[in-house]
Amino acid sequence: MPALQPISRENHAGKRWQRYTSYSFAAGDAVAQLVAQELPKAAMVMPVGFIKVDDRFVPVAVQGLQPGQNLYVAPDGRWLSQYVPAAYRGYPFTLANTPEGQQVMCIIEDSGLLSDTRGEPFFDDDGEPAQSLKDVLGFLSQVSENRKDTQRICAILQLHGLIQPWSIKRQNVAGENTIEGLYCIEETALNQLPAQAFEEVRQAGALPLIYSQLLSMQHLQKLGQLAQAHATPQTALAQTATGDLDLEFLNDSGIISFGGLR
């Protein structure tokens, strides 16, 4: 767990913070939690599924084929997709709960982005939070509120048995292995919902999440191609003439295939 320090005038007046320039901090994340409002955009370019946290389901961007692996982070820290999950965009800040149940804004102390001299101030000359800090807090608060809506929607899906294990088999030169721990929308169960239950799902605002998840499953193949690219560093770091990452290799079929996309 990262070391979190609550933002306060006592600890941060006169100090500064820097914006991240690398996604290396996310390199070990095989999944990233998503909120319902961002899911349609994420689903355009990334496979999306669910994981089970305690007794409830949480939507996630599927970023790796094994624990501790994020295939969307290049070895030099660049992001290899057209969408970045909101869970990363507030870094090095996050919201944490106090023992009294209140949320406080914290900075991740070991991020390397806390400074005495470089970056943006935490507080202005009047001792008020700087506008840049307010902007980050506003973003984190919006994501937190969206997460509550997401939990409510997922509870409805779970109630009606629409989230089921996602059986994924990966075939490569080393043989076949099964990726476990992911869940997906069970399309058959969705099609068999009684009219009243379907209306309850619709009224909950769950349909965009459902269809986004189902459509995103087509992107699973990209993870296999990204795995190949990481295994061949010169491919992963290929650039276009303008210096951008060249992701054309994602259009190749490659040698890694998946069964059980449903």
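Values in this text are rule-based calculations from the coordinates and carry no lab data. Values in this document were obtained by computation on a predicted structure and should not be read as measured data. When we count neighbours, we look across all protein chains shown, and the Cβ atoms used for this are built from the backbone with ideal geometry, even at glycine.
In sequence order, region 117-134 has phi-based couplings of 10, 10, x, 9, x, 6, 10, 7, 5, 8, x, 8, x, 5, 4, 4, 5, 4 Hz under the Karplus curve 6.51 cos²θ - 1.76 cosθ + 1.60, θ = phi - 60°, and Gly or Pro positions carry x. When mean projected area of the Cα convex hull in nm² is calculated for this entry, the matching label among (i) 14.6; (ii) 13.2; (iii) 16.8 is (iii). Give the value in nm², to one decimal: projected area of the alpha carbon convex hull of region 1-146, averaged over all directions. The orientation-averaged projected area of the Cα hull of region 1-146 comes to 9.9 nm². With the highest mean first, a sort of the peptides 18-29, 127-138 on other beta-carbon atoms found within 10 angstrom per residue produces 18-29, 127-138. Between the helical axis of 207-216 and the longest alpha-carbon principal axis of the chain there is an angle of about 70 degrees. Counting every other Cβ atom within 10 Å of each residue's Cβ, Arg16, Arg9, Arg147 order from fewest to most as Arg9, Arg16, Arg147.
The order of Cys184, Cys106, going from fewest to most other C-beta atoms within 10 Å of their C-beta, is Cys106, Cys184.
Within the chain, how many lysine pairs that are 8 or more places apart, or on different chains, have C-alpha atoms less than 30 Å apart? Lysine pair count for the chain: 11. Across region 163-170, computed HN-Hα scalar couplings (Karplus, 6.51 cos²θ - 1.76 cosθ + 1.60, θ = phi - 60°) run 10, 10, x, 9, 7, 10, 10, 10 Hz from first to last residue, x flagging Gly and Pro.
Evaluating 6.51 cos²θ - 1.76 cosθ + 1.60 at θ = phi - 60° for every residue in region 146-158, the Karplus couplings come out as 5, 5, 5, 4, 5, 4, 5, 5, 5, 5, 5, 4, 5 Hz, glycine and proline recorded as x.
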